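Working notes, structure below.
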Amino acid sequence: MLKAVILIGGPQKGTRFRPLSFEVPKPLFPVAGVPMLQHHIEACSKLPNMKEILLIGFYQPNEEINRFLSCAQQDFKISIRYLQEYAALGTGGGIYHFRDQILSGSPEAFFVMNADVCSEFPLPEMLDFQKEHGDAYSFVILGTTANRKQSLNYGCIVENEQTDEVLHYVEKPSTFVSDIINCGIYLFTPEIFQHIGTVFQKNQQDMLLEEQSNGWHRAEVIRLEQDIFTALAGQGKLYVYKTDRFWSQIKSAGSAIYASRLYLNQYHTTHPERLATNREGGPKTRGKCFIGCFVGKHQCLEFYTSSYW
Ligand code: GDD
């Protein structure tokens, strides 16, 4: 049995989306005509063993999130729940705080995904890769390549080219480390919580020594990238599955347009009905759209089905 966690962050994280994100929380911002998160959920729901998807973040539960959850549960026929952190606990702290919920029902493995990425989500490939590499308890990071300059904005991975083991991990280095970058999509086994737990206990001890009044909270703030991956690199536990399929970060309104373009290209094969309905006299495009690029007479290469742009 499998589960998936989507890290949706919280309100103050979406500032680069302003003014577009004033009306809608960033994870629900429409990308290629559907909320950003729906692409993740759809990919997860295609895995036959997927039992539950958990959204973890520090947004106050609100009507928009609730509405999205109930529609998505119906559409994809899968349990989807939102778990709210009491504060921003970091990319590792949130999953550690809710580990009992993640592990209930005893999944063998679970995906963790950043909400603000667009991807072809090669999840079945990551599962196959995990079986072929390392032991059954190894962890997999989805990686892709970037140019030297771009790589500095991401987690950078040095791998063993024969085994794909992660030998060295540096989050947003100041000088070039590797052109293989972390896509923010991971496949973990329950054993990951032992590693996060070790960091948590160490943080707690450090806090006791410092006699901080908010020690508990500070100890729970754990970053997967800097605190866990950096330590696991070179230990025979962490592997990178490199994809050449499309992938992009969604950090700004501009990058949401680029992400829309990537998904719209994919719709030609996965969801032609979202692009146009065929009828006599030629196809009818759906929704409001700006047509960006034409090839030939009627063939539309790119467009944005949204009234936002
Ligand atoms: N639940 C929760 N709690 N989610 C969080 C928190 C938190 O405290 N902090 C961040 N997130 C979510 C964000 O909403 C986002 O979806 C994701 O985690 C990563 O956010 P950032 O911390 O802003 O990191 P980043 O996007 O700059 O870099 C990460 O993603 C890159 C790929 O897009 C890193 O993982 C990089 O290594 C990676 O290359």
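Any idea what log10 I(q)/I(0) is at q = 0.21, 0.22 Å⁻¹ for the stretch 73-202, Debye with uniform C-alpha scatterers and no solvent?
Values returned for q = 0.21, 0.22 Å⁻¹ are -1.50, -1.55.
Using only the alpha-carbon atoms, how far is helix 36-45 inclined from the longest principal axis of the chain? Give it as 0 to 90 degrees, nearest 10.
So the inclination is approximately 80 degrees.
Kindly work out what percent of the DSSP beta bridges joining two residues of the chain are antiparallel, to the nearest 5.
55
Tell me the mean residue ellipticity at 222 nm calculated for the chain from its helices only (DSSP H runs of n ≥ 4, each -39500 (n - 2.57), averaged over every residue, nearest 500).
-9000 deg cm²/dmol
With +1 on each Lys and Arg Cβ and -1 on each Asp and Glu Cβ, and nothing else charged, work out how big the dipole of the stretch 1-124 is about its Cα centre, in Debye to the nearest 20.
My answer is approximately 80 debye.
Can you pull the percent of the stretch 1-129's accessible area that's carbon plus sulfur, 1.4 Å probe, other chains left in place?
50
For the chain, what percent of Cα pairs sit more than 24 Å apart?
I get 56 percent for the Cα pairs in the chain exceeding 24 Å.
Any idea what the dipole of the chain comes to, in debye rounded to 20, about its Cα centre with Lys/Arg Cβ at +1 and Asp/Glu Cβ at -1?
Dipole size: approximately 1240 debye.
Given R₀ = 35 Å, what would the calculated FRET efficiency be for residue 245 paired with residue 100, taking r from the Cβ atoms and rounding to 0.05?
Given R0 = 35 Å and the Cβ-Cβ separation, E is 0.55.
Compute the helix-to-body angle for 253-270: its Cα long axis versus the longest principal axis of the chain, expressed 0 to 90° and rounded to tens.
In the chain, helix 253-270 runs at an angle near 70 degrees to the longest axis.
In the neighborhood of residue 67, defined by Cβ-to-Cβ distances under 15 Å, what is the net charge if each Lys or Arg adds +1 and each Asp or Glu adds -1?
-3
Rounded to the nearest percent, how much of the accessible area of the stretch 171-258 (1.4 Å probe, protein heavy atoms only) is carbon and sulfur?
C and S fraction of accessible area: 48 percent.
For a quick check, take a GNM of the chain with Cα springs below 10 Å and name the residue from 275, 127, 209 with the largest mean-square fluctuation.
Ranking 275, 127, 209 by mean-square fluctuation puts 209 first.
Could you check the spin-label model distance between residue 273 and residue 79? Points 7 Å from the Cα along Cα→Cβ, value in nm.
2.8
If each residue of separation counts as 0.36 nm, what is the full-extension length gain between residue 153 and residue 174 once their alpha-carbon separation is subtracted?
The span from residue 153 to residue 174 would gain 6.7 nm if fully extended.
What is the angle, in °, between the Cα long axis of helix 192-210 and the longest principal axis of the Cα atoms in the chain? Nearest 10 is fine, range 0 to 90.
60
Keeping all protein chains in place, calculate the accessible area per residue for the chain (probe 1.4 angstrom), answer in Å².
Here the residues of the chain average 49 Å² of exposed surface.
Towards the positive end of the charge dipole of the stretch 157-265, with charges on Cβ (+1 Lys, Arg; -1 Asp, Glu), say which of 163, 175, 201 has the farthest Cα.
Checking the options against the dipole of the stretch 157-265, the answer is 175.
Report, in listed order, any pair from 26/202; 51/242; 51/172; 202/251; 172/242; 46/149 with a Cα-Cα distance greater than 30 Å.
Result: 26/202; 51/172; 202/251; 46/149 exceed 30 Å.
The values are calculated or read from the model by the stated rules, or taken from the named source; none is laboratory data. Since the model is a prediction, treat every value here as computed from it, not as a measurement. So basically every Cβ, Gly included, is an ideal-geometry build from the backbone, and we count neighbours across all protein chains shown. Keep in mind that these areas ignore ligands, DNA and RNA; they rest on the heavy atoms of the full protein, side chains included. Shrake-Rupley method; radii C 1.70, N 1.55, O 1.52, S 1.80 Å.
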